[in-house]
Amino acid sequence: MSTNQETPKIPLPKGWKQHVRSAVLHVISLAQYSAVYTRSWAADSSNSRVRLKAELDRVNQETALLREEMRIKDARTERIDPHRRPHYPPPERMAILQLRAARGWSLEQTARVFQVTAPTISAWMRRLEDEGEDALVQLREPVNRFPDFVRYVVQGLKALCPTMGKRMLAQTLARAGLHMGTTTVGRILKEKPVPPPQTMEQAESPERVVTAKRPDHVCHIDLTVVPTGAGMWCTWLPFALPQRWPFCWWVLVAVDHFSRRAMGVGVFATRPNCRAVCTSLGQMLRRVGATPKYIVCDRDSVFDCKAFRRWAKRKGIRPPRYGAVGMHGSIAVVERFILTLKQMLRQIPLIPLRRKFFREELIATTQWYNEHRPHVTLDGKTPNEVYESRFPTNRKPRIEPRPGWPRGSPCAKPWALVGGKPGQRFDTSVRFHNQRRHLPVVVLKRAA
């Protein structure tokens, strides 16, 4: 049979336009629109079986889309000769063997899934118990060199929490008791098998007209949109889905400028008006038990109106301060918090369609942000430590795993005393706030 045959062309009926490819995209977008709208009705149904059926259908669709993504990526790698494909680093090889044991795959099945050869998987199995620390010849380690198990901890945390940069990893470990410099963490992450981290450039903050001198002095507020799916794009005009539930949630956030603490969040199905925003802000202030002197926001019509200024005056708040129109970073504090909030929510497989569950996710994320996430502007402290004037955890006695390190020598900032003797070993314990895998809490325990 000849392999040079051309693909048969299917003639279209008379009167049809030659836009079949565009029509396919339109049909898929319309189907997604209809599916989201139908699931939103089922999510609020009083029948639990209907809600479970909608959730199951949503998960099945997400699984099918992920499989299609993997198929497209695998098709690109399959065009490369097996001997020229990138090698798996050692930790990934162990993960492949673990998945093979859990799946019960044969050598051929494992090799086909991960696009290697069966002899390669067999060689990994034969060398599974090789040890590198018992080598006959070893170089003398300098005094300031961290042991290999410290490198394992840093690389493991990066693999577990890929959104954390080298500065965030260093500050998180400092709060747990292990002080390492930012450059040291970056150098370890560049070593195999972990790829080098991406350094995020800090945006230059604009000149502040109002300077926060204490907690509850200046408060930033803003509105944002959180899509319930992967995005808001569609193929028809105006090339976006309606910015309302069930396609997205509107979220109101309030952040204390001095401590960077999230004071509260509000959830709306549609774009809220000024009355709804004022009601939600009033509830936040009652829960906090304090009223700020200044409010900083943008020139949105919800905030830049007489009704909002009258509400602020009744609460004893000075006239709102507005950011510059069209200038990036004019309200950088609340914008940076919204970016972090969306990065955390993006790690959830599916954004809940029910208001109750979505609000629980927001509350859990803001609680983790306030209590456990170190802040660069606060020198590694958490917002709650600054807001409540607590002694920072990263200044408590630290762990020193280098046995030859002089006790009087300074460590990576922030400086802290050595707890116990140098050369201590420790175990890493990673728990998750409210059982959510995207909200890690790192704890180091001294080994007995």
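A short reminder: the numbers here are calculations on the coordinates, not readings from a lab. Please read these numbers as outputs of a predicted model, since none were measured by experiment. In this analysis, Cβ positions are derived from the backbone assuming ideal geometry, glycine residues included, and neighbour counts consider all displayed protein chains.
A few points about this structure:
- Short-range pairs are left out: with C-alpha atoms under 8 Å and at least six residues apart, the relative contact order of region 218-371 is 24 percent.
- Taking the number of Cβ atoms within 10 Å of each Cβ as an exposure proxy, the fewest-first ranking of V386, V255, V265 is V265, V386, V255.
- Helical contribution to [θ] at 222 nm, DSSP H n ≥ 4, -39,500 (n - 2.57), averaged over the chain, rounded to 500: -13000 deg cm²/dmol
- Going from the residue with the fewest nearby Cβ atoms within 10 Å to the one with the most, S40, S106 rank S106, S40.
- Per DSSP, loop trypsin sites (Lys or Arg not before Pro) in region 343-401 with at most 12 further Cβ within 10 Å: R390
- Packing rank of 257-263, 162-168, where each peptide gets the mean count of other beta carbons within 10 Å, highest leading: 257-263, 162-168
- Antiparallel DSSP beta bridges within region 218-371, percent to nearest 5: 75 percent
- Over the chain, relative contact order from alpha-carbon pairs under 8 Å, at least 6 apart, %: 15 percent
- Reduced Cα scattering model of region 218-371, Debye log10 I(q)/I(0), q = 0.09, 0.10, 0.14, 0.15 Å⁻¹: -0.29, -0.36, -0.71, -0.81
- If the convex hull is drawn through the Cα atoms of the chain, its volume per residue in Å³: 247 Å³
- Across the cross-link table entries K166/K413; K166/K213; K158/K190; K213/K313; K381/K413; K73/K166, which are compared at the Cα atoms, the separations over 18 Å belong to K166/K213; K213/K313; K73/K166.
- Using only the C-alpha atoms, the convex hull of region 82-126 corresponds to 65 Å³ per residue.
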